[in-house]
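Throughout, read-outs are computed from the coordinates displayed, never taken from laboratory work. Just so it is clear, the structure is predicted and the values come from calculations on it, not from any experiment. Methodologically, a virtual Cβ is constructed for each residue, glycine included, from the backbone with ideal geometry; neighbour enumeration extends over all protein chains shown.
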Protein chains: 2
Amino acid sequence: MSPVFRHVVLMKFRSPLDADQADRVTRALDDLGAQSPTVRAISHGPDLGVRAGGHDYALVADFDDAQGWQAYSAHPAHDVVRSVMKDLVESQVACQFAVGDPGDGA
Amino acid sequence: MSPVFRHVVLMKFRSPLDADQADRVTRALDDLGAQSPTVRAISHGPDLGVRAGGHDYALVADFDDAQGWQAYSAHPAHDVVRSVMKDLVESQVACQFAVGDPGDGA
């Protein structure tokens, strides 16, 4: 597997999403993934509530490299995500790590 | 792709890891992944420092279902991880979401 730049974001919402809000989040992130040519893979979704105290939502997106992630971040579809999220998200944390490089525990 | 129960953990360390500590973290998590029969895929690694303010380390692990994650959590190799991490990790956040289920934005 060629090396992957894996971008992970975990989000906490201000309050539980209603069905319409959840749908807008899902569609905005689906669109971002579909419209960003540098995305190699993307998955996202609400916490399943199996483990207490988890964050509310997670996204994992794979790119060839940091430039791929930067293009995704700058993509117009990301502005739509930001506009949807800005009133919903209380906080978010992120981390980006290499997958498939020797020594990075792929 | 059959549905996946994706487990994501982001960690903050008390202080930057030295080479020996980083190696112990990598080996403990590699061993956990290799020894846990319910793990379908696992990736982990240190933040690449491309984006300021990120968490220090991330792990993404895939299972068939919640039971697979629970077996992984209870696995003896996880006790080794906990013993390695307990003096290093300041805080961690987690989220678990479905990938590949209709409506979960896979």
- Of the residues in segment A:53-69 that are in a helix (DSSP H, G or I) and within 8 Å of another protein chain (Cβ to nearest Cβ), the one that is nearest to residue B:7 (Cα to Cα) is A:69
- Exception for residue A:30 within (1) farther than 22 Å from residue B:12 by Cα; (2) more than 8 Å from chain B (Cβ to nearest Cβ); (3) charged (D, E, K, R) falls at (2)
- Task: Pick out the one residue from B:67, B:35 that is farther than 29 Å from residue A:22 by Cα and among the polar types (S, T, N, Q).
- Result: B:35
- Query: Conditions: (1) closer than 16 Å to residue A:82 by Cβ; (2) acidic (Asp, Glu); (3) exposed (fewer than 15 other Cβ atoms within 10 Å of the Cβ). Residue A:18 meets all but one. Number of the miss?
  - Reply: (1)
- Has segment B:32-48 got any residue that is outside any loop (DSSP other than H, G, I, E, B), small (Gly, Ala, Ser) and closer than 17 Å to residue A:51 by Cα? no
- Message: Suppose we filter segment A:1-33 for residues that are free of Cβ contacts under 8 Å to residues at least 40 places away in the same chain and within 15 Å of residue A:59 (Cβ to Cβ); how many remain?
- Response: 5
- Could you tell me whether any residue of segment B:15-22 is in contact with a strand residue (DSSP E or B) (Cβ under 8 Å, 6 or more places away or on another chain), within 16 Å of residue A:93 (Cα to Cα) and not in a helix (DSSP H, G or I)? no
- Task: Quick one: residue A:8 ticks every box in (1) within 20 Å of residue B:2 (Cα to Cα); (2) within 9 Å of another protein chain (Cβ to nearest Cβ) except a single one, so which number is it?
- Result: (1)
- Out of the residues in segment A:52-67 that are more than 21 Å from residue A:85 (Cβ to Cβ) and of a type in the set (Gly, Ala, Ser), state the one that is farthest from the chain's Cα centre (by Cα). A:52
- Task: Go through segment B:43-52 and give me each residue that's surrounded by fewer than 21 Cβ atoms within 10 Å (Cβ to Cβ) and either more than 8 Å from chain A (Cβ to nearest Cβ) or touching a helix residue (DSSP H, G or I) at 6+ places or on another chain (Cβ under 6 Å) (or both).
- Result: B:49, B:50, B:52
